[in-house]
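The structure appears below as structure tokens.
The values are calculated or read from the model by the stated rules, or taken from the named source; none is laboratory data. Treat the numbers as computed from the prediction; the structure is a model and nothing was measured. Neighbour counts run over all protein chains shown; Cβ positions are idealised from the backbone, glycine included.
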Amino acid sequence: MYLRVAPELYLKRLIVGGFEKVYEIGRQFRNEGVDHQHNPEFTSCEFYWAYQDYEGLMNFTEEMLSEIIKKVTGSLVVEYEDQKLDFSLPWKRHKFAELIKEETGVDIMKTKDEKELKEIIQEKGYQVDKNAGWAKMVDDFYKVAVRDKLIQPCFVTDYPLELEPLAKKKEDNPELVQRFQLLVVGLEIIKAYTELNDPIDQMDRFKKQQELREKGDDEAQFIDEDFVTSLEYGLPPTAGWGMGIDRLVALLTNSHSLREVILFPTMKPVEQKTVSTAEKSQSSKKKNESKNVEANITRDEALEFIKGRVKNENSLKHMLATEAIMKGLAKEFDQNEEIWGLAGLLHDSDMEIKEAQTDMSKHGTMGADELKAKGVSEVITSAIKAHNEATGEPRDTLIKQAIYAADPLTGLIVTTALVRPDKKINSVKLKSLKKKFKDKSFAKGAKREAIMSCEEFGLPLDKFLEIGLSSMQKIADELDL
């Protein structure tokens with residue numbers, strides 16, 4: 001017995017039975033975790049329309065929703081957080097593969113080999129799920145590299161066949177299906193397609209989905225033999241869509257989280273951490289740990305050192321960003337800003353050494369050992385090791401704890417800036433950064449657990465994000481943001 005994820009297959013059976021238009025508004029259940037965009041139990045509206053296709057549904061959708069929005073809000077321009085959303089017609093339409101190529105340079109339709117695609121995505125700086133097949137890799141890549149940049153209401157159309165097992169193929173290109181999604185501020189509001197009504201094709205796709213499930217893809221479809229049997233009786237040409245009502249309500253009411261528009265949302269358990277007297281004493285001792293330390297290397301020498309070893313411009317900017325955040329944290333804790341800044345600036349100096357790339361336990365260690373041999377302070381070199389937990393360096397000082405949390409924060413802030421319309425870091429608001437932090441599908445490489453470790457050294461997450469953002473905004477020109 002399973003809770004349903006959607007009423008889709010049941011509604012289609014009604015179309016097979018002779019109904020021409022059917023809909024249902026009801027609760028669905030998906031084990032997708034809890035964040036500001038997701039709740040395991042949510043409300044959707046789903047409908048199916050015989051003798052219609054996805055092109056007709058797009059026209060119907062924008063006309064209906066624009067009318068609803070105008071009647072509910074009194075305007076076609078809606079404010080959501082720090083954005084003004086214009087629902088005036090017509091809404092832009094983007095083809096899925098072309099959109100990815102335009103934003104990332106990757107032509108997914110010419111990269112069907114899973115190993116090759118995985119390497120390309122990783123070269124772009126994104127992580128790949130070890131169990132992911134081609135379809136999931138493409139979908140995950142789109143979500144982290146493209147989707148959040150789609151701010152104004154728009155349709156994304158013509159998805160690869162592998163991404164949609166229930167949609168009809170395009171007649172002029174059987175590698176694509178007749179599917180669209182409505183996106184607003186990077187959120188999927190509606191998913192729709194022309195229905196696949198060929199029982200043989202449907203069973204073949206179900207079997208391929210089952211193979212993916214057996215390989216570890218828990219998002220793949222189960223085989224539904226009853227549904228295939230109903231198709232054998234005859235499903236007329238049909239199109240339909242599902243809409244997340246909670247997400248639409250959140251948009252129209254300027255609510256950051258679905259919890260604000262669901263009466264009884266699923267809540268995470270509250271974990272309370274008490275700080276012992278011994279911990280408070282240890283924290284007090286940390287307050288002066290780097291105050292009178294000599295670096296034994298100047299900033300100019302440090303810049304020359306890293307530029308002689310690291311050629312990738314984005315990597316150099318990352319080190320400058322980490323330096324800025326570390327100096328901001330040093331100021332917050334009344335520490336030695338020079339020492340902390342140098343640790344941040346030098347922390348990735350060995351990242352292009354092949355040995356450090358193939359053995360992660362050596363990343364940080366090799367650079368630190370080279371600097372130590374030059375007489376650089378051990379406070380700096382031990383912090384460099386501590387930024388990478390694979391080195392095994394204990395995070396037993398404040399500077400070590402700080403650099404471990406600061407390192408991934410730079411990626412989150414940069415990615416948040418890049419999805420802004422102007423791609424400028426000074427346009428990023430703390431509220432937007434907090435929203436992106438909560439979205440685990442956004443900037444997946446920015447490890448949330450590491451960022452949240454700021455609370456272990458007495459800095460609330462909101463304050464940490466504020467310091468990181470303001471520190472990087474001060475060097476916006478150096479970061480080309």
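Consider F155 against the criteria (1) of a type outside the set (K, R); (2) part of a strand (DSSP E or B); (3) within 23 Å of L14 (Cβ to Cβ): it satisfies all of them except one. Which criterion is unmet?
Condition (3) is where F155 drops out.
Run S283 past the list (1) within 35 Å of the chain's Cα centre (by Cα); (2) modelled with pLDDT of 90 or more and report the number of the one that doesn't hold.
Here S283 clears every test but (2).
With without any contact (Cβ under 8 Å) to a residue 40 or more places away in the chain, touching a strand residue (DSSP E or B) at 6+ places or on another chain (Cβ under 6 Å), of a type outside the set (A, V, I, L, M) and surrounded by 14 or more Cβ atoms within 10 Å (Cβ to Cβ) as the only criterion, which of F29, F47 stands out?
So the residue among F29, F47 that is without any contact (Cβ under 8 Å) to a residue 40 or more places away in the chain, touching a strand residue (DSSP E or B) at 6+ places or on another chain (Cβ under 6 Å), of a type outside the set (A, V, I, L, M) and surrounded by 14 or more Cβ atoms within 10 Å (Cβ to Cβ) is F29.
Scan the range 223-267 residue by residue and report those that are in a loop (DSSP other than H, G, I, E, B), over 21 Å from the mean Cα position of the chain (by Cα) and either under 30 Å from R205 (Cα atoms) or of a type in the set (G, A, S) (or both).
I223, D224, G234, L235, P236, P237
Quick grid of which residues meet (1) among the aliphatic types (A, V, I, L, M); (2) within 24 Å of G458 (Cβ to Cβ); (3) buried (at least 19 other Cβ atoms within 10 Å of the Cβ):
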{"site": "S382", "(1), (2), (3)": "no, yes, yes"}
{"site": "K385", "(1), (2), (3)": "no, yes, yes"}
{"site": "P394", "(1), (2), (3)": "no, yes, no"}
{"site": "T415", "(1), (2), (3)": "no, no, yes"}
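Against the conditions (1) modelled with pLDDT of 90 or more; (2) surrounded by fewer than 20 Cβ atoms within 10 Å (Cβ to Cβ); (3) touching a Leu at 6+ places or on another chain (Cβ under 6 Å), where does L183 fall short? Just the number, please.
Unmet condition: (2).
So which helices (runs of 4 or more DSSP H) are wholly in the range 395-481 and hold at least 2 residues that are within 17 Å of the chain's Cα centre (by Cα), in the same structural domain as W340 (by TED's automatic domain parsing) and farther than 17 Å from L329 by Cα?
So the answer is 398-418, 430-438, 448-452.
Can you spot a residue in the range 124-136 that is under 26 Å from T410 (Cα atoms), out of contact with any Gly (no Cβ under 9 Å at 6 or more places or on another chain) and either in the same structural domain as M58 (by TED's automatic domain parsing) or at pLDDT 90 or above (or both)?
Yes, that holds for at least one residue.
Restricting to the range 348-395, name every residue that is among the β-branched types (V, I, T) and touching a helix residue (DSSP H, G or I) at 6+ places or on another chain (Cβ under 9 Å).
I353, T365, V376, V379, I380, T381, I384, T391
Do we find a residue being surrounded by fewer than 16 Cβ atoms within 10 Å (Cβ to Cβ) and part of a loop (DSSP other than H, G, I, E, B) anywhere in the range 130-150?
Within the range 130-150, one or more residues are surrounded by fewer than 16 Cβ atoms within 10 Å (Cβ to Cβ) and part of a loop (DSSP other than H, G, I, E, B).
Does F42 satisfy being buried (at least 16 other Cβ atoms within 10 Å of the Cβ), in contact with a helix residue (DSSP H, G or I) (Cβ under 6 Å, 6 or more places away or on another chain) and either more than 19 Å from Q152 (Cα to Cα) or free of Cβ contacts under 8 Å to residues at least 40 places away in the same chain (or both)?
When the stated conditions are applied, F42 passes them.
If you take the residues in the range 6-19 that are of a type outside the set (A, V, I, L, M, F, W, C) and touching a residue at least 40 places away in the same chain (Cβ under 8 Å), which one is surrounded by the fewest Cβ atoms within 10 Å (Cβ to Cβ)?
R13
Can you name every one of the helices (runs of 4 or more DSSP H) wholly within the range 316-380 that holds 3 or more residues which are among the hydrophobic types (A, V, I, L, M, F, W, C) and under 20 Å from L398 (Cα atoms)?
337-346
Read through the list (1) touching a residue at least 40 places away in the same chain (Cβ under 8 Å); (2) touching a Lys or Arg at 6+ places or on another chain (Cβ under 7 Å); (3) polar (S, T, N, Q), then give the number of the only condition that S453 fails.
The one condition S453 does not meet is (2).
Against the conditions (1) surrounded by fewer than 19 Cβ atoms within 10 Å (Cβ to Cβ); (2) under 15 Å from V156 (Cβ atoms); (3) of a type in the set (A, V, I, L, M, F, W, C), where does M58 fall short? Just the number, please.
That leaves (1) as the condition not met.
Filter the range 10-24 down to residues that are out of contact with any helix residue (DSSP H, G or I) (no Cβ under 7 Å at 6 or more places or on another chain) and among the aliphatic types (A, V, I, L, M), then give me how many there are.
Total meeting the criteria: 3.
Inspect all residues belonging to the range 425-432 and state whether any of them is closer than 22 Å to Y142 by Cβ, buried (at least 19 other Cβ atoms within 10 Å of the Cβ) and not hydrophobic (A, V, I, L, M, F, W, C).
yes
Considering only residues that are of a type in the set (D, E) and at pLDDT 90 or above, which ones fall in the range 286-322?
Those that are of a type in the set (D, E) and at pLDDT 90 or above: D300, E301, E304, E313.
Say whether the condition of being farther than 17 Å from D246 by Cβ, hydrophobic (A, V, I, L, M, F, W, C) and in contact with a Lys or Arg (Cβ under 7 Å, 6 or more places away or on another chain) is met by at least one residue in the range 61-84.
Yes: the range 61-84 contains one or more residues that are farther than 17 Å from D246 by Cβ, hydrophobic (A, V, I, L, M, F, W, C) and in contact with a Lys or Arg (Cβ under 7 Å, 6 or more places away or on another chain).
So, L3, is that one free of Cβ contacts under 8 Å to residues at least 60 places away in the same chain and surrounded by 14 or more Cβ atoms within 10 Å (Cβ to Cβ) or not?
no
Quick one: how many residues across the range 158-209 are over 25 Å from the mean Cα position of the chain (by Cα), among the basic types (K, R) and not in a helix (DSSP H, G or I)?
The total comes to 3.
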